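Contents: one structure, followed by commentary.
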Amino acid sequence: MTRQRFDTAKIRGGYNPADHNWAVSVPIYQTTAYELGSVERSDEMFAFNSNDPLYTRLSNPTTDVLEARIVSLHPGATGAIALASGMAAVTYSLLNVTAGSGRILSTARLYGGSVDSFEQLFEEFGVAADLVEDPDDVNSFEKLIRQDTKCIYIESITNPNATVLDIERIAEIAHRHDIPLIVDNTIATPYLINPFEFGADVVVYSATKGLTGHGNVIAGLVVENGKFDWSGGKYPQFTKTPYFLSGLDGSKRNILDIFPDDPFTGRIRAIHVNYLGAALSPFNSYLVLLGVETLSERLDKQLASAKKIIGFLEGRDEVLWVKHPWAKNSPYRELAEKYAPKGAGAVFSFGLKGNDDNRKRFLEATNVFSLQANIGDARSLIINPSRTTHIELKPEYQKAADIQDNTIRLSIGLEDSEDLIEDLEQAFEAAFS
Ligand SMILES: *Cc1c(COP(=O)(O)O)cnc(C)c1O
(Lines give C-alpha, C1' and ligand atoms only; values in the text may rest on other atoms or scores of the structure.)
Protein backbone atom coordinates (compact mmCIF):
# COMPACT_ATOMS: atom_id res chain seq x y z
CA MET A 1 0.00 0.00 0.00
CA THR A 2 1.23 3.51 -0.72
CA ARG A 3 2.10 5.58 2.31
CA GLN A 4 -0.94 7.33 3.70
CA ARG A 5 -0.90 11.09 3.96
CA PHE A 6 -0.69 12.63 7.42
CA ASP A 7 -4.41 13.16 8.02
CA THR A 8 -5.24 9.60 6.94
CA ALA A 9 -2.40 8.06 8.95
CA LYS A 10 -3.40 9.91 12.12
CA ILE A 11 -6.83 8.19 11.98
CA ARG A 12 -5.92 4.81 10.49
CA GLY A 13 -2.15 4.30 10.61
CA GLY A 14 -0.88 1.08 12.17
CA TYR A 15 -4.31 -0.43 12.74
CA ASN A 16 -6.03 -3.26 10.92
CA PRO A 17 -9.54 -3.91 12.34
CA ALA A 18 -9.43 -7.49 11.02
CA ASP A 19 -6.75 -8.24 13.63
CA HIS A 20 -8.95 -6.96 16.47
CA ASN A 21 -12.41 -8.51 16.04
CA TRP A 22 -13.19 -5.83 13.45
CA ALA A 23 -13.43 -3.19 16.19
CA VAL A 24 -13.65 0.26 14.62
CA SER A 25 -12.08 2.07 17.57
CA VAL A 26 -8.79 0.60 18.84
CA PRO A 27 -9.71 -1.72 21.76
CA ILE A 28 -8.13 -1.30 25.19
CA TYR A 29 -6.38 -4.56 26.06
CA GLN A 30 -6.61 -4.27 29.82
CA THR A 31 -4.57 -7.35 30.67
CA THR A 32 -1.29 -7.89 32.48
CA ALA A 33 -0.14 -11.03 30.70
CA TYR A 34 -0.99 -13.23 27.72
CA GLU A 35 -1.45 -16.97 27.41
CA LEU A 36 1.78 -18.53 26.30
CA GLY A 37 -0.15 -21.31 24.54
CA SER A 38 2.59 -23.88 24.27
CA VAL A 39 6.04 -24.37 25.66
CA GLU A 40 7.49 -24.02 22.18
CA ARG A 41 5.76 -20.68 21.60
CA SER A 42 6.83 -19.53 25.04
CA ASP A 43 10.45 -20.41 24.26
CA GLU A 44 10.33 -18.29 21.11
CA MET A 45 8.85 -15.34 22.96
CA PHE A 46 11.33 -15.44 25.82
CA ALA A 47 14.16 -15.60 23.28
CA PHE A 48 13.07 -12.32 21.59
CA ASN A 49 12.13 -14.32 18.45
CA SER A 50 8.52 -13.17 18.40
CA ASN A 51 6.72 -9.85 18.70
CA ASP A 52 3.64 -11.46 20.25
CA PRO A 53 2.67 -9.86 23.55
CA LEU A 54 3.96 -11.56 26.65
CA TYR A 55 3.57 -9.13 29.52
CA THR A 56 2.17 -5.57 29.38
CA ARG A 57 5.29 -3.92 30.79
CA LEU A 58 7.06 -5.02 27.58
CA SER A 59 4.27 -4.70 25.03
CA ASN A 60 0.52 -4.51 24.72
CA PRO A 61 -1.71 -4.65 21.61
CA THR A 62 -3.27 -1.21 22.28
CA THR A 63 0.16 0.33 22.81
CA ASP A 64 1.48 -1.51 19.72
CA VAL A 65 -1.10 0.35 17.62
CA LEU A 66 -0.06 3.67 19.15
CA GLU A 67 3.61 2.92 18.37
CA ALA A 68 2.79 1.89 14.79
CA ARG A 69 0.62 4.97 14.35
CA ILE A 70 3.38 7.28 15.53
CA VAL A 71 5.77 5.60 13.09
CA SER A 72 3.22 6.17 10.30
CA LEU A 73 3.16 9.91 11.12
CA HIS A 74 6.93 10.20 10.61
CA PRO A 75 7.92 9.30 7.04
CA GLY A 76 11.30 7.58 7.34
CA ALA A 77 10.70 6.15 10.82
CA THR A 78 11.21 2.43 11.48
CA GLY A 79 10.28 1.98 15.14
CA ALA A 80 8.81 3.60 18.23
CA ILE A 81 8.23 2.89 21.88
CA ALA A 82 5.56 4.40 24.11
CA LEU A 83 6.52 5.27 27.69
CA ALA A 84 4.73 6.38 30.83
CA SER A 85 5.86 10.02 30.53
CA GLY A 86 7.78 12.46 28.39
CA MET A 87 10.53 12.46 31.02
CA ALA A 88 10.88 8.68 30.62
CA ALA A 89 11.21 9.23 26.87
CA VAL A 90 13.94 11.84 27.41
CA THR A 91 15.90 10.04 30.13
CA TYR A 92 15.65 6.54 28.63
CA SER A 93 16.87 7.88 25.28
CA LEU A 94 19.81 9.65 26.88
CA LEU A 95 20.64 6.68 29.13
CA ASN A 96 20.43 4.43 26.06
CA VAL A 97 22.90 6.45 24.03
CA THR A 98 25.33 7.10 26.91
CA ALA A 99 25.17 3.72 28.70
CA GLY A 100 27.06 4.74 31.80
CA SER A 101 29.80 7.03 30.49
CA GLY A 102 30.51 9.96 28.26
CA ARG A 103 28.88 13.28 27.62
CA ILE A 104 25.62 14.70 26.31
CA LEU A 105 25.92 17.88 24.22
CA SER A 106 22.86 20.08 24.60
CA THR A 107 21.57 23.59 25.23
CA ALA A 108 19.96 25.43 28.14
CA ARG A 109 16.92 25.95 25.91
CA LEU A 110 15.27 22.75 27.09
CA TYR A 111 12.28 21.66 29.11
CA GLY A 112 13.16 22.49 32.74
CA GLY A 113 13.09 18.85 33.87
CA SER A 114 15.44 17.83 31.06
CA VAL A 115 18.16 20.40 31.86
CA ASP A 116 17.78 19.65 35.53
CA SER A 117 18.20 15.90 34.98
CA PHE A 118 21.74 16.41 33.71
CA GLU A 119 22.95 17.29 37.19
CA GLN A 120 20.35 15.59 39.35
CA LEU A 121 20.24 12.25 37.54
CA PHE A 122 22.88 11.79 34.84
CA GLU A 123 25.82 12.55 37.11
CA GLU A 124 24.77 9.55 39.19
CA PHE A 125 24.86 7.46 36.03
CA GLY A 126 28.42 8.56 35.21
CA VAL A 127 27.32 10.91 32.44
CA ALA A 128 28.15 14.62 32.10
CA ALA A 129 26.48 17.30 30.00
CA ASP A 130 27.90 20.25 28.10
CA LEU A 131 25.54 23.10 27.21
CA VAL A 132 26.39 25.31 24.26
CA GLU A 133 26.42 28.99 25.01
CA ASP A 134 24.44 30.09 21.96
CA PRO A 135 22.33 27.41 20.24
CA ASP A 136 21.58 29.87 17.40
CA ASP A 137 25.24 29.73 16.45
CA VAL A 138 25.46 26.17 15.12
CA ASN A 139 29.25 26.25 15.19
CA SER A 140 29.11 26.47 18.97
CA PHE A 141 27.96 22.83 18.96
CA GLU A 142 31.01 21.68 17.04
CA LYS A 143 33.34 23.52 19.40
CA LEU A 144 32.12 21.51 22.40
CA ILE A 145 32.25 18.04 20.86
CA ARG A 146 34.80 15.89 22.67
CA GLN A 147 36.14 12.38 22.19
CA ASP A 148 33.55 10.96 24.57
CA THR A 149 30.54 13.04 23.46
CA LYS A 150 27.80 10.50 22.73
CA CYS A 151 25.01 12.59 21.20
CA ILE A 152 23.61 16.03 20.52
CA TYR A 153 20.25 16.59 22.19
CA ILE A 154 18.05 19.57 21.25
CA GLU A 155 14.42 20.70 21.17
CA SER A 156 13.14 21.63 17.71
CA ILE A 157 10.89 24.46 18.94
CA THR A 158 11.67 25.64 22.46
CA ASN A 159 9.56 26.65 25.41
CA PRO A 160 8.67 29.35 26.46
CA ASN A 161 10.08 31.59 23.71
CA ALA A 162 9.27 29.51 20.60
CA THR A 163 12.79 29.70 19.18
CA VAL A 164 13.52 27.34 16.29
CA LEU A 165 16.82 25.46 16.09
CA ASP A 166 18.64 24.75 12.83
CA ILE A 167 18.07 20.99 12.96
CA GLU A 168 19.62 20.19 9.59
CA ARG A 169 22.92 21.93 10.24
CA ILE A 170 23.15 20.56 13.78
CA ALA A 171 22.52 17.05 12.38
CA GLU A 172 25.36 17.56 9.89
CA ILE A 173 27.72 18.47 12.72
CA ALA A 174 26.64 15.42 14.75
CA HIS A 175 27.13 13.06 11.81
CA ARG A 176 30.48 14.55 10.90
CA HIS A 177 31.57 13.36 14.37
CA ASP A 178 29.75 10.00 14.12
CA ILE A 179 27.28 10.79 16.88
CA PRO A 180 23.47 10.83 16.63
CA LEU A 181 21.13 13.80 16.90
CA ILE A 182 18.23 13.32 19.31
CA VAL A 183 15.40 15.84 18.96
CA ASP A 184 12.64 16.57 21.46
CA ASN A 185 9.81 17.51 19.09
CA THR A 186 7.09 17.97 21.73
CA ILE A 187 5.94 21.47 20.82
CA ALA A 188 6.12 20.96 17.06
CA THR A 189 4.49 17.50 16.99
CA PRO A 190 4.96 15.54 13.74
CA TYR A 191 2.28 17.72 12.16
CA LEU A 192 4.51 20.80 12.17
CA ILE A 193 7.98 19.20 11.90
CA ASN A 194 9.24 15.73 11.00
CA PRO A 195 12.81 15.95 12.33
CA PHE A 196 13.84 12.81 10.38
CA GLU A 197 13.45 14.86 7.20
CA PHE A 198 16.27 17.07 8.46
CA GLY A 199 18.70 14.42 9.67
CA ALA A 200 17.55 13.58 13.21
CA ASP A 201 18.25 10.00 14.26
CA VAL A 202 15.92 9.78 17.25
CA VAL A 203 12.85 11.87 18.08
CA VAL A 204 11.28 12.05 21.54
CA TYR A 205 7.94 13.40 22.68
CA SER A 206 6.06 14.29 25.75
CA ALA A 207 2.73 13.04 24.34
CA THR A 208 1.21 14.68 27.42
CA LYS A 209 1.24 17.95 25.50
CA GLY A 210 -0.02 18.78 22.01
CA LEU A 211 0.17 15.26 20.62
CA THR A 212 -2.70 14.12 22.85
CA GLY A 213 -3.87 17.66 23.39
CA HIS A 214 -6.55 17.33 26.03
CA GLY A 215 -4.65 17.69 29.28
CA ASN A 216 -5.79 14.25 30.45
CA VAL A 217 -2.75 12.00 30.22
CA ILE A 218 0.96 11.71 30.99
CA ALA A 219 2.73 9.86 28.18
CA GLY A 220 5.98 9.79 26.21
CA LEU A 221 7.26 8.40 22.92
CA VAL A 222 10.63 7.63 21.37
CA VAL A 223 10.82 7.22 17.59
CA GLU A 224 13.81 6.26 15.40
CA ASN A 225 14.64 5.87 11.73
CA GLY A 226 17.13 3.01 12.09
CA LYS A 227 19.77 4.84 10.05
CA PHE A 228 22.46 5.56 12.61
CA ASP A 229 25.35 3.09 12.62
CA TRP A 230 25.78 1.95 16.22
CA SER A 231 28.47 -0.61 15.38
CA GLY A 232 31.42 1.80 15.11
CA GLY A 233 32.85 1.04 18.56
CA LYS A 234 31.67 4.08 20.50
CA TYR A 235 28.42 2.33 21.46
CA PRO A 236 29.40 -1.15 22.72
CA GLN A 237 25.98 -1.47 24.37
CA PHE A 238 24.62 -2.28 20.89
CA THR A 239 27.27 -4.81 19.91
CA LYS A 240 28.05 -6.72 23.10
CA THR A 241 26.49 -10.17 23.48
CA PRO A 242 25.16 -10.59 27.01
CA TYR A 243 23.83 -13.99 28.04
CA PHE A 244 20.23 -12.77 28.21
CA LEU A 245 20.23 -12.08 24.47
CA SER A 246 21.43 -15.62 23.54
CA GLY A 247 19.49 -17.52 20.90
CA LEU A 248 17.61 -20.74 21.65
CA ASP A 249 20.59 -22.69 20.31
CA GLY A 250 22.90 -20.79 22.64
CA SER A 251 24.22 -18.54 19.87
CA LYS A 252 25.57 -15.17 20.92
CA ARG A 253 23.50 -12.24 19.73
CA ASN A 254 23.62 -8.48 20.19
CA ILE A 255 20.95 -5.78 20.07
CA LEU A 256 21.64 -5.13 16.39
CA ASP A 257 21.00 -8.82 15.59
CA ILE A 258 17.72 -8.87 17.45
CA PHE A 259 16.37 -5.46 16.39
CA PRO A 260 17.98 -4.82 12.97
CA ASP A 261 15.46 -2.14 11.94
CA ASP A 262 14.90 -0.40 15.27
CA PRO A 263 17.85 -1.08 17.59
CA PHE A 264 17.47 2.14 19.57
CA THR A 265 13.86 1.66 20.66
CA GLY A 266 14.40 -2.13 20.73
CA ARG A 267 17.11 -1.64 23.31
CA ILE A 268 14.98 0.78 25.35
CA ARG A 269 12.33 -1.97 25.48
CA ALA A 270 14.79 -4.73 26.36
CA ILE A 271 16.72 -2.73 28.94
CA HIS A 272 15.11 0.45 30.19
CA VAL A 273 11.44 -0.47 30.14
CA ASN A 274 12.28 -3.97 31.25
CA TYR A 275 14.30 -2.87 34.29
CA LEU A 276 13.29 0.71 35.03
CA GLY A 277 9.69 0.00 34.15
CA ALA A 278 8.00 3.15 32.85
CA ALA A 279 5.63 1.36 30.46
CA LEU A 280 2.57 3.26 29.23
CA SER A 281 -0.74 1.79 30.40
CA PRO A 282 -3.08 0.54 27.64
CA PHE A 283 -5.75 3.02 28.76
CA ASN A 284 -3.33 5.92 28.36
CA SER A 285 -2.25 4.54 24.96
CA TYR A 286 -5.91 4.64 23.98
CA LEU A 287 -6.22 8.28 25.10
CA VAL A 288 -3.13 9.26 23.11
CA LEU A 289 -4.53 7.48 20.02
CA LEU A 290 -7.80 9.35 20.46
CA GLY A 291 -6.02 12.69 20.80
CA VAL A 292 -3.83 12.09 17.75
CA GLU A 293 -6.97 11.62 15.60
CA THR A 294 -7.55 15.40 15.71
CA LEU A 295 -3.94 16.58 15.84
CA SER A 296 -3.93 18.68 12.67
CA GLU A 297 -7.38 20.18 13.22
CA ARG A 298 -6.41 21.24 16.74
CA LEU A 299 -3.06 22.69 15.74
CA ASP A 300 -4.51 24.55 12.75
CA LYS A 301 -7.02 26.27 15.02
CA GLN A 302 -4.49 26.92 17.77
CA LEU A 303 -2.07 28.45 15.26
CA ALA A 304 -4.79 30.68 13.77
CA SER A 305 -5.72 31.91 17.26
CA ALA A 306 -2.05 32.33 18.22
CA LYS A 307 -1.54 34.58 15.19
CA LYS A 308 -4.46 36.81 16.23
CA ILE A 309 -3.32 36.93 19.84
CA ILE A 310 0.26 37.82 18.86
CA GLY A 311 -1.14 40.72 16.82
CA PHE A 312 -3.32 41.79 19.73
CA LEU A 313 -0.42 41.68 22.22
CA GLU A 314 1.84 43.69 19.93
CA GLY A 315 -0.75 46.47 19.99
CA ARG A 316 -0.88 46.71 23.80
CA ASP A 317 1.06 49.30 25.78
CA GLU A 318 1.47 46.87 28.67
CA VAL A 319 3.49 44.46 26.49
CA LEU A 320 7.27 44.95 26.20
CA TRP A 321 7.91 42.26 23.58
CA VAL A 322 6.41 39.11 22.07
CA LYS A 323 8.57 36.06 21.33
CA HIS A 324 7.34 33.85 18.50
CA PRO A 325 8.56 33.62 14.89
CA TRP A 326 5.34 35.42 13.89
CA ALA A 327 6.14 38.40 16.14
CA LYS A 328 7.50 41.57 14.53
CA ASN A 329 11.26 41.48 13.97
CA SER A 330 11.60 37.89 15.17
CA PRO A 331 15.07 36.60 14.33
CA TYR A 332 13.57 33.10 13.91
CA ARG A 333 11.24 33.87 11.01
CA GLU A 334 13.45 32.30 8.34
CA LEU A 335 14.20 29.14 10.32
CA ALA A 336 10.50 28.79 11.14
CA GLU A 337 9.57 29.09 7.47
CA LYS A 338 12.03 26.34 6.62
CA TYR A 339 11.26 23.89 9.42
CA ALA A 340 7.68 24.67 10.44
CA PRO A 341 5.99 26.39 7.48
CA LYS A 342 2.53 25.88 8.99
CA GLY A 343 3.63 27.81 12.08
CA ALA A 344 6.05 27.34 14.97
CA GLY A 345 3.47 26.18 17.48
CA ALA A 346 0.97 27.87 19.75
CA VAL A 347 3.19 28.15 22.84
CA PHE A 348 4.96 31.50 23.12
CA SER A 349 5.83 34.28 25.53
CA PHE A 350 5.54 37.99 26.04
CA GLY A 351 7.09 40.47 28.42
CA LEU A 352 4.68 42.20 30.77
CA LYS A 353 5.53 45.75 31.82
CA GLY A 354 5.43 46.69 35.48
CA ASN A 355 6.50 44.94 38.63
CA ASP A 356 5.85 41.75 40.51
CA ASP A 357 2.53 43.05 41.78
CA ASN A 358 1.31 43.79 38.24
CA ARG A 359 2.35 40.30 37.13
CA LYS A 360 0.56 38.68 40.05
CA ARG A 361 -2.62 40.67 39.41
CA PHE A 362 -2.46 39.89 35.68
CA LEU A 363 -2.06 36.13 36.19
CA GLU A 364 -4.84 36.01 38.74
CA ALA A 365 -7.25 38.10 36.67
CA THR A 366 -7.59 35.78 33.67
CA ASN A 367 -10.78 33.72 33.62
CA VAL A 368 -10.57 31.86 30.32
CA PHE A 369 -6.81 31.26 30.37
CA SER A 370 -6.06 28.97 33.27
CA LEU A 371 -2.97 29.25 35.45
CA GLN A 372 -1.29 25.88 34.92
CA ALA A 373 2.11 24.28 34.36
CA ASN A 374 1.01 22.33 31.27
CA ILE A 375 1.14 23.18 27.55
CA GLY A 376 -0.64 21.93 24.43
CA ASP A 377 -4.01 21.48 26.14
CA ALA A 378 -7.42 22.07 24.52
CA ARG A 379 -7.73 24.80 27.18
CA SER A 380 -5.64 27.96 26.94
CA LEU A 381 -3.03 28.23 29.68
CA ILE A 382 -0.96 31.00 31.19
CA ILE A 383 2.02 30.94 33.54
CA ASN A 384 5.12 32.86 34.63
CA PRO A 385 7.96 30.39 33.89
CA SER A 386 10.68 31.96 36.08
CA ARG A 387 8.70 31.21 39.25
CA THR A 388 7.14 27.91 38.19
CA THR A 389 8.07 25.66 35.28
CA HIS A 390 11.68 26.82 35.12
CA ILE A 391 12.24 27.66 38.81
CA GLU A 392 14.61 24.73 39.37
CA LEU A 393 17.00 26.11 36.74
CA LYS A 394 20.05 27.85 38.09
CA PRO A 395 20.01 31.59 37.37
CA GLU A 396 22.68 31.21 34.66
CA TYR A 397 20.57 28.58 32.85
CA GLN A 398 17.48 30.77 33.12
CA LYS A 399 19.49 33.57 31.60
CA ALA A 400 20.86 31.32 28.85
CA ALA A 401 17.30 30.17 28.10
CA ASP A 402 16.19 33.83 28.03
CA ILE A 403 13.64 33.44 30.81
CA GLN A 404 13.09 36.74 32.56
CA ASP A 405 11.08 37.68 35.63
CA ASN A 406 8.55 39.41 33.40
CA THR A 407 8.22 36.52 30.92
CA ILE A 408 4.61 35.35 30.64
CA ARG A 409 3.99 32.12 28.71
CA LEU A 410 0.78 31.40 26.84
CA SER A 411 -0.31 28.05 25.43
CA ILE A 412 -3.23 28.68 23.10
CA GLY A 413 -6.10 26.19 23.27
CA LEU A 414 -9.29 25.67 21.32
CA GLU A 415 -11.62 28.29 22.81
CA ASP A 416 -13.04 31.12 20.72
CA SER A 417 -10.14 33.47 20.01
CA GLU A 418 -12.33 36.51 20.67
CA ASP A 419 -12.99 35.27 24.20
CA LEU A 420 -9.27 34.72 24.69
CA ILE A 421 -8.46 38.25 23.54
CA GLU A 422 -11.19 39.77 25.71
CA ASP A 423 -9.89 37.77 28.65
CA LEU A 424 -6.36 39.17 28.21
CA GLU A 425 -7.80 42.66 27.69
CA GLN A 426 -9.64 42.66 31.01
CA ALA A 427 -6.61 41.12 32.76
CA PHE A 428 -4.39 43.97 31.50
CA GLU A 429 -6.90 46.42 32.89
CA ALA A 430 -7.06 44.60 36.23
CA ALA A 431 -3.27 44.45 36.49
CA PHE A 432 -2.72 48.17 35.95
CA SER A 433 -5.87 49.74 37.47
C1 LIG B 1 6.52 18.35 29.30
C2 LIG B 1 7.76 18.11 28.54
C3 LIG B 1 8.59 17.04 28.83
C4 LIG B 1 8.30 16.09 29.96
O5 LIG B 1 7.12 15.37 29.68
P6 LIG B 1 6.15 14.73 30.81
O7 LIG B 1 5.14 14.04 29.96
O8 LIG B 1 5.60 15.85 31.62
O9 LIG B 1 6.98 13.80 31.60
C10 LIG B 1 9.72 16.85 28.06
N11 LIG B 1 10.03 17.69 27.05
C12 LIG B 1 9.25 18.75 26.75
C13 LIG B 1 9.64 19.66 25.64
C14 LIG B 1 8.09 18.99 27.47
O15 LIG B 1 7.33 20.05 27.18
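The values are calculated or read from the model by the stated rules, or taken from the named source; none is laboratory data. From a predicted model like this one, the values you see are computed outputs, not experimental measurements. With ideal geometry, Cβ positions are generated from the backbone for all residues, glycine too; neighbour counts draw on all protein chains shown. Only protein heavy atoms, including side chains, enter the accessible area calculation; ligands, DNA and RNA are left aside. Shrake-Rupley method; radii C 1.70, N 1.55, O 1.52, S 1.80 Å.
Numbers for the structure displayed
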{"read-out": "Leading residue by the ranking (nearest to ILE218 (Cα to Cα)) among those in the range 348-363 that are open to solvent by 10 Å² or more (accessible area, probe 1.4 Å) and touching a residue at least 40 places away in the same chain (Cβ under 8 Å)", "value": "LEU363"}
{"read-out": "Any hit, the range 376-383, residues being in contact with a Pro (Cβ under 8 Å, 6 or more places away or on another chain), closer than 22 Å to SER305 by Cβ and either in contact (Cβ under 8 Å) with a residue 40 or more places away in the chain or outside the structural domain of THR189 (by TED's automatic domain parsing) (or both)", "value": "no"}
{"read-out": "The range 109-121, subset more than 13 Å from the ligand (Cβ to nearest atom) and under 20 Å from THR158 (Cβ atoms), residue surrounded by the most Cβ atoms within 10 Å (Cβ to Cβ)", "value": "PHE118"}
{"read-out": "Single residue of the range 209-228 satisfying the filter (among the small types (Gly, Ala, Ser) and in a loop (DSSP other than H, G, I, E, B)) that is farthest from the ligand (Cβ to nearest atom)", "value": "GLY226"}
{"read-out": "Residue match in the range 299-311 (condition: open to solvent by 80 Å² or more (accessible area, probe 1.4 Å) and in contact with a strand residue (DSSP E or B) (Cβ under 7 Å, 6 or more places away or on another chain))", "value": "no"}
{"read-out": "Candidates THR149, THR189 - the one that is β-branched (Val, Ile, Thr), away from the ligand (no atom under 13 Å from the Cβ) and touching a residue at least 40 places away in the same chain (Cβ under 8 Å)", "value": "THR149"}
{"read-out": "Qualifying residue in the range 76-88 (condition: assigned to a helix (DSSP H, G or I) and within 10 Å of LEU280 (Cβ to Cβ))", "value": "yes"}
{"read-out": "Some residue of the range 334-344 being of a type in the set (A, V, I, L, M), assigned to a loop (DSSP other than H, G, I, E, B) and open to solvent by less than 20 Å² (accessible area, probe 1.4 Å)", "value": "yes"}
{"read-out": "Tally of residues being surrounded by 21 or more Cβ atoms within 10 Å (Cβ to Cβ) and farther than 14 Å from LEU121 by Cα across the range 78-88", "value": "6"}
{"read-out": "Of all residues making up the range 369-392, the number that are within 13 Å of the ligand (Cβ to nearest atom), hydrophobic (A, V, I, L, M, F, W, C) and surrounded by fewer than 21 Cβ atoms within 10 Å (Cβ to Cβ)", "value": "1"}
{"read-out": "Residue selected from the range 393-433 under the condition touching a residue at least 60 places away in the same chain (Cβ under 8 Å) and part of a strand (DSSP E or B), by the criterion surrounded by the most Cβ atoms within 10 Å (Cβ to Cβ)", "value": "SER411"}
{"read-out": "Residue pairs meeting the criteria (Cβ under 6 Å; at least 6 apart or on separate chains; first in contact (Cβ under 8 Å) with a residue 60 or more places away in the chain and assigned by TED's automatic domain parsing to the domain that holds ASP229, in the range 250-275; second part of a loop (DSSP other than H, G, I, E, B) and aromatic (Phe, Trp, Tyr))", "value": "ILE258/PHE48; GLY266/PHE259"}
